[in-house]
Each structure stands twice: as C-alpha cells, then as structure tokens.
1. Nearest 20 debye, what's the magnitude of the dipole of segment 280-350 about its Cα centre given +1 on Lys and Arg Cβ and -1 on Asp and Glu Cβ?
2. When the chain is fully extended, how far beyond the present Cα-Cα distance does Lys202 get from Ser225, taking 0.36 nm per residue of separation?
3. Please tell me which of these pairs span more than 24 angstrom C-alpha to C-alpha: Lys5/Lys36; Lys323/Lys355; Lys313/Lys355; Lys15/Lys323?
4. Taking a 1.4 Å probe, which of Trp249, Trp328, Trp273, Trp33 shows the most accessible area, and what order do the others take after it?
5. Roughly how many whole Å is it from the C-alpha centroid of segment 10-29 to that of segment 305-323?
6. Using amide H atoms built 1.01 Å from N in the peptide plane, name the residues 5+ places from Ile21, or on other chains, whose amide H lies under 5 Å from its own.
7. Please report, to one decimal in angstroms, the Kirkwood hydrodynamic radius of segment 33-131 built from all distinct Cα-Cα pairs.
8. Could you please put Tyr82, Tyr96 in sequence from largest to smallest accessible area, using a 1.4 Å probe?
Amino acid sequence: MQDDKAGGVTIRTVKSFLSKIPSVITGADIVQWLMKSLNIEDQGEAIHLGSLIAAQGYLFPISDHVLTLKDDGTFYRFQAPYFWPSNCWEPENTDYAIYLCKRTMQNKARLELADYEAENLARLQRAFARKWEFIFMQAEAQVKIDRKKDKTERKILDSQERAFWDVHRPVSVYGVPEDSQTHSPIHSFASTTKQPAKDDLKKQITLLNIQLDRHCLKMSKVAESLVSYAEQYLEYDPLLTPQDPPNPWVSDDCTFWDMEASKELNQQRVKRWGFSFDEVLKDPAGRDQFLKFLESEFSSENLRFWSAAEDLKKRPLLEVPDKVQETWQEFLAPGAPSAINLDSHSYEITSQNVKDPGRYTFEDAQEHIYKLMKSDSYARFLRSNAYQELLQARKKGKSLTAKRLTGLMQSS
C-alpha cells in the first residue's frame, strides 16, 4: 500500500493554514485502493477492513486518536515499520513511563498529556519510585537525540510514537498497580514542575470517577447480561436451533435468507422488533411498518432523513455532493419541505459539514434523530395497536397451523 511504484496510495504533503502537513493520505484514498487492489465490491467491507488495519496500528488518523477508518477527507499516516505489531514485541511499563516523561519535557501544546495519561504517569511514578531517576535520564537522552532531527521528521515520528501507544495503552487502560514496597523518596522532574491548582485536581478526580463508573462492571452482571442475550436470540440462531426452512449454513437451501430479505411477515420476525430499536431499523419490513406508524403521527421525516443519511454513506464519491445538497434542501435548509427538529449544536456542525460534503456530513444530525426516535417514537410504536395486532395475528396464524398439523398427524 505504501509503494508508489507498485500502484500504492499516494503519500503527499498538504498545505494548511500557516503550515504544512507532511506525509499524509486520506481515508477515501485508502478505501478506493482497497476496493481496487483487493477486488472488493462492497464499500462497507473495504471500510471494515481498513478499520481493522488501523486498529492493529499499521495506519492512524492525525487529527484524533480513534483508530478507525473513515471514507472521507480525514488525514491518515502510515506507521513506521519499527512500531508494526508484526515485529511481535510487547512494550513494558518502563517504556511507557519514558515516553510520558519525554512528552512533558518537549513542552508543546500538541504533545500535552491528556487526563488519563497524566493519571498513568502518576501511577507509574509511584510504582517505579526506586528507579525513577534512571527513567528520567533515559527520557532526557531521547529528547536530546530528537532535537537534532529535522523538524518535519520529528513531527512525523512524534505522531507515529503516540499512535503506537494509542494501540498498546488506550484510554481505558491505566498504568501498573502501585507497589506497596516503594516508599522511598521520589527523585523526579515532578517536584520541579508547577503543582496543579485545586480546581484542576477536582475536575480530574470527577473525570476519573465518571470513567470508572462507565467502564467498571461486576463480572456477574456481565455474565448475566450475556446469558440473557444468548437466550433471547437462541431461536433466531440457525446454527443452534433447527429452522424451517433448513439451516442455510449446512445445506444448499437458501430459502431462509430469501425470507429474511423479503417483506413477508411471520411471528418470529415481528416479535424480534421488540428486542431493540436496531432490530426494527435493520429489517426492511420493520422499517416499513415503523414508517407507517410515524406517518400516522406526522413525524415520518425523522426516519426518511435517517435512511437518506445511511444511503449517503454507500454512494459513489462522485454522487456524494449532489446527494448532500438534495438531503440538505429536503430536511435541513430554511423552509425545507420535510424539516426535522435538530438542536442548535448539531445543526451548526452539520451546516459546516455541508460546505465540504462527504459521506459522513450528516453524522451528528443522524445520531441526534436516531436517539430521538429510539427514546420517543419507538416506545410508542411497540405500544401501538398496529404493532400489537401484527404480533397477535402472527401468533394466531402460527397456532392454527400447529393445530392443523397435529390433526393431520393424528388422523394418519
């Protein structure tokens, strides 16, 4: 992919305001290369493959630390071969401590430690108190070597090193546990730096508490949730439950997939819509029924906008600008015929995105509308007479069929 002579992705330097961004590629370039070079017809599959490559650390975005691939103008950079996971080396916590120390010494706004990194540094400092002076000296030596390099080269290496640690020490992973035996005085750069203000410490503690509440779950609760999920979807798994028509994975009969793709309703299918809002959206028949319900409430524009934003993500690049304008004029422009209700923040972001159209122009607006339908319209849809009648009708039809089969078996 990096070899220009062999038809790789073109790496270029992009001009930005008062500066240049060296050695970058766009997400759209990567997706197009994957589709062309690997003969991938499905664009979603190419994006998924690119995201897997990014998650492993072979390429990374330069604007944030989310290791996924977007099919738009987002700038990416290739990782240096030294940091490739194929080299099969797992970094130690001492390496991470040296890296964080080095970041604090470089004193640049773009290299300032994030909250979770500052917390990691404090933990590592306590854990390695006895050899912290050695770690500090290693960091100093590396900084001196880096300062001798070309500014552009140094900028690229900084981003590659940070991307490496985004893979091996992501946000949800903290440093090493504290060593209860390390009570000796700590000789480090921390004592020479300015101590954080009381308000800053309170904000940091609040942020860490939020992260703990978000990520820490009891194993019993997790196991209970997984078991409940497995039991709920057991009858829908053709590998575990005998299906009629037969399992398409172990037979040549594709009738099961044809039924899933069709709009013909059965009791199993209607029942599944009640599991989650996503089940309604991914089922063509479910979307049709939900659209009819929204039309009865005069709010069908929400689902139509969501569908238009989904369709935009799958469009060829040449069609994207026209589709963006068409969607904007129908749902968001002043005096739009099917205006949707957006909050000011999402509307402002979307207005800016429309000026530089891409497949993810309406991402924020789509997420807002999705949450609105999920929290409001979906609950009313499940309680509606239309859904309940569908559910009861399918149950009744199934019970009549079962009675007829039982009668036939008894008579024979």
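1. 240
2. Additional length available on full extension: 4.9 nm.
3. Correct reply: Lys15/Lys323.
4. Most to least solvent-accessible, the answer reads Trp249, Trp33, Trp328, Trp273.
5. First find each Cα centre; the distance between them is then 25 Å.
6. Val14, Lys15, Ser16
7. Across segment 33-131, the inverse of the average 1/r is 16.1 Å.
8. Tyr82, Tyr96
The values are calculated or read from the model by the stated rules, or taken from the named source; none is laboratory data. All values reported here derive from a predicted model rather than from experimental measurement. As a convention, Cβ positions derive from the backbone with ideal geometry for all residues, glycine included, and neighbour counts pool all protein chains shown. In case anyone asks, the SASA skips ligands and DNA or RNA and just uses the protein heavy atoms, side chains included. Shrake-Rupley method; radii C 1.70, N 1.55, O 1.52, S 1.80 Å.
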